[in-house]
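Peer 1: Take a look at this one; I'll ask things after.
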Amino acid sequence: MEITFHLVSSDDEIRQILDLQSANHVSTVSPEIAAREGFVTVRHTFDVLKKMNTAAPAAIAKMGDEVVGYCLAMPPDFRSAVPVLDPMFAMLENLEWENRPVSDWRWMAMGQVCVGEKARGRGTFDGMYYLLAESYRDEYQLIITEIATRNTRSLRAHARVGFEIFHSYTEDLTGESWEVVAWEI
């Protein structure tokens, strides 16, 4: 079945995003699957996703009526809506992109990206990101996110689209290592 790309336009699509998120969360997949196929680390609530998609609809991939991938747009003013991401936002206040403070750029955070099992290896990741960039390039100059270094599939896919690493760090409490990446759109 053909994969098509859209911006979120219904509550049903938001619910399907939550289902994909749950199925691909690091706590749900085996370590072997996580290493080979990737994983997501944040869980959103329906209410938070609804508000995020009202402000900036996510790019999604669909096979018929089924959401098989998502790429969440997250304007910086949503930082308090997802408290686990607040440290990332605080860190970005002290970083530079292209020799300018990140705060000098118009940027959005990539709230999370996920490609469901049946849509992997079919250009889904790239298609969603290209739609997101096209949809928001008049409003934002950069898309920024952080990726766990053990999520090698995600690191490779982000590099393929055009993201560049501009900061690396290790969390004190968990020992998890992260790459902060940006894509100038």
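The values are calculated or read from the model by the stated rules, or taken from the named source; none is laboratory data. All values reported here derive from a predicted model rather than from experimental measurement. No Cβ is skipped: glycine too gets one built from the backbone with ideal geometry, and neighbour counts run over all protein chains shown. Heavy atoms of the whole protein, side chains included, go into the accessibility calculation; ligands, DNA and RNA do not. Shrake-Rupley method; radii C 1.70, N 1.55, O 1.52, S 1.80 Å.
Peer 1: Please work out the average accessible area per residue across the chain, using the 1.4 Å probe convention, and give it in Å². Spell out each step's value before the answer.
Peer 2: Values: 9020 Å² over 185 residues.
Dividing the accessible area of the chain by its residue count gives 49 Å².
Peer 1: In whole percent, and with a 1.4 Å probe on the protein chains, what portion of the accessible area of the stretch 111-185 is carbon and sulfur? The partial results should precede the final answer.
Peer 2: On the way: 1670 of 3640 Å².
The value for the stretch 111-185 is 46 percent carbon and sulfur by accessible area.
Peer 1: Where the centroid of each part is defined by its Cα atoms, how far is the stretch 91-154 from the stretch 1-19 in Å?
Peer 2: Between the Cα centre of the stretch 91-154 and that of the stretch 1-19, the gap is 19 Å.
Peer 1: Which lysines does K62 reach when only Cα atoms under 17 Å apart count, and residues fewer than 8 places away in its own chain are ignored?
Peer 2: Within reach: K118.
Peer 1: With a 1.4 Å probe and every protein chain kept in, tell me what percent of the accessible surface of the stretch 1-64 is carbon plus sulfur.
Peer 2: Numbers: 1750 of 3190 Å².
C and S fraction of accessible area: 55 percent.
Peer 1: Whose amide H sits under 5 Å from the amide H of A109, counting only residues 5 or more places off or on another chain, with H placed in the peptide plane?
Peer 2: Residues meeting the criterion, in which the H sits 1.01 Å from N, are M74, I144.
Peer 1: Another question about this same structure. Multiply the residue separation of D126 and N94 by 0.36 nm, subtract the distance between their alpha-carbon atoms, and state the gained length in nm to one decimal.
Peer 2: My answer for the length gained is 8.6 nm.
Peer 1: If you don't mind, there's one more thing I want to ask. So if I place +1 on the C-beta of Lys and Arg and -1 on the C-beta of Asp and Glu, and nothing else carries charge, what would the dipole magnitude of the chain be about its Cα centre? I want it in debye, nearest 20.
Peer 2: Rounded to the nearest 20 debye, it is 400 debye.
Peer 1: Could you please report the charge total around A61, scoring K, R as +1 and D, E as -1 over all other residues with beta-carbon less than 12 angstrom from its beta-carbon? Show your work: numbers first, answer last.
Peer 2: Working: positive: K62, K118, R120, R122; negative: E2, E13, E66, D126.
Taking every other residue near A61 into account, the sum is 0.
Peer 1: While we're looking at this one, here's another question. Just add up the charged neighbours of Y130: K/R +1, D/E -1, any other residue whose Cβ is under 12 Å from the Cβ of Y130.
Peer 2: On the way: positive: R137, R160; negative: D126, E134.
Summing Lys/Arg as +1 and Asp/Glu as -1 gives 0.
Peer 1: At 24 angstrom or more along the helix axis (alpha-carbon based) and mean Kyte-Doolittle of 1.0 or higher, what helices does the chain contain? Whole DSSP H runs only. Walk me through the intermediate numbers first.
Peer 2: Working: long enough: none.
Both cut-offs are met by no helix.
Peer 1: Match the structure shown to one of the listed values (1) 16.4; (2) 19.8; (3) 9.8 of mean projected area of the Cα convex hull in nm², computed from it, and give that label.
Peer 2: (3)
Peer 1: How charged is the neighbourhood of L95? Take every other residue with its Cβ under 12 Å from the Cβ of L95, and add Lys/Arg as +1 and Asp/Glu as -1.
Peer 2: Numbers: positive: R100; negative: E93, E96, E98, D104, E146.
Local net charge: -4.
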